[in-house]
Amino acid sequence: MRIFILNSGSSSIKFSVFEIDGLSERLSATGSVNGIGAGEGGFFARISGGEAVNEKGLFADHRSALRRVF
């Protein structure tokens, strides 16, 4: 089973994905979007065991930030 956790603040979104297998859990992805509505912002994501993605971008609102997350 996968669990997606989202924390939305006034100018940022943070997220994590956990894999649950029986009694064990493992963090499989984490990331954030910051600077929402503030001109220049950024997107960061890391998948467990993989390279990180770090991009600058414009996120006018939470809707545009969520589009980048998904």
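A few points about this structure:
- In segment 35-49, the residue that is least open to solvent (accessible area, probe 1.4 Å) out of those that are part of a loop (DSSP other than H, G, I, E, B), in contact with a strand residue (DSSP E or B) (Cβ under 9 Å, 6 or more places away or on another chain) and on the phi < 0 side of the Ramachandran plot is 36.
- Taking the numbered list (1) in contact (Cβ under 8 Å) with a residue 40 or more places away in the chain; (2) loosely packed, with under 12 Cβ neighbours inside 10 Å; (3) among the hydroxyl-bearing types (Ser, Thr, Tyr) in turn, residue 8 passes all entries but (2).
- Pairing each residue of segment 25-42 that is touching a residue at least 24 places away in the same chain (Cβ under 8 Å) and more than 10 Å from residue 12 (Cβ to Cβ) with any residue that is β-branched (Val, Ile, Thr) and part of a strand (DSSP E or B), provided the two are 6+ apart or on different chains, yields C-beta distances under 7 Å for 28/17; 28/47.
- Within segment 11-24, if we keep just the residues that are under 14 Å from residue 70 (Cβ atoms) and in contact (Cβ under 8 Å) with a residue 24 or more places away in the chain, the residue that is most open to solvent (accessible area, probe 1.4 Å) turns out to be 15.
- Within segment 57-67, if we keep just the residues that are over 23 Å from residue 28 (Cα atoms) and open to solvent by 90 Å² or more (accessible area, probe 1.4 Å), the residue that is nearest to the chain's Cα centre (by Cα) turns out to be 63.
- Taking the listed residues 10, 32, the one that is modelled with pLDDT of 95 or more, hydroxyl-bearing (Ser, Thr, Tyr) and assigned to a loop (DSSP other than H, G, I, E, B) is 10, with no other qualifying.
The values are calculated or read from the model by the stated rules, or taken from the named source; none is laboratory data. Note that this is a predicted model, so its numbers are computed, not measured. Because the Cβ atoms are built from the backbone with ideal geometry, glycine has one as well, and the counts that use them run over all protein chains shown. The accessibility values were calculated without ligands, DNA or RNA, using every heavy atom of the protein model including side chains. Shrake-Rupley method; radii C 1.70, N 1.55, O 1.52, S 1.80 Å.
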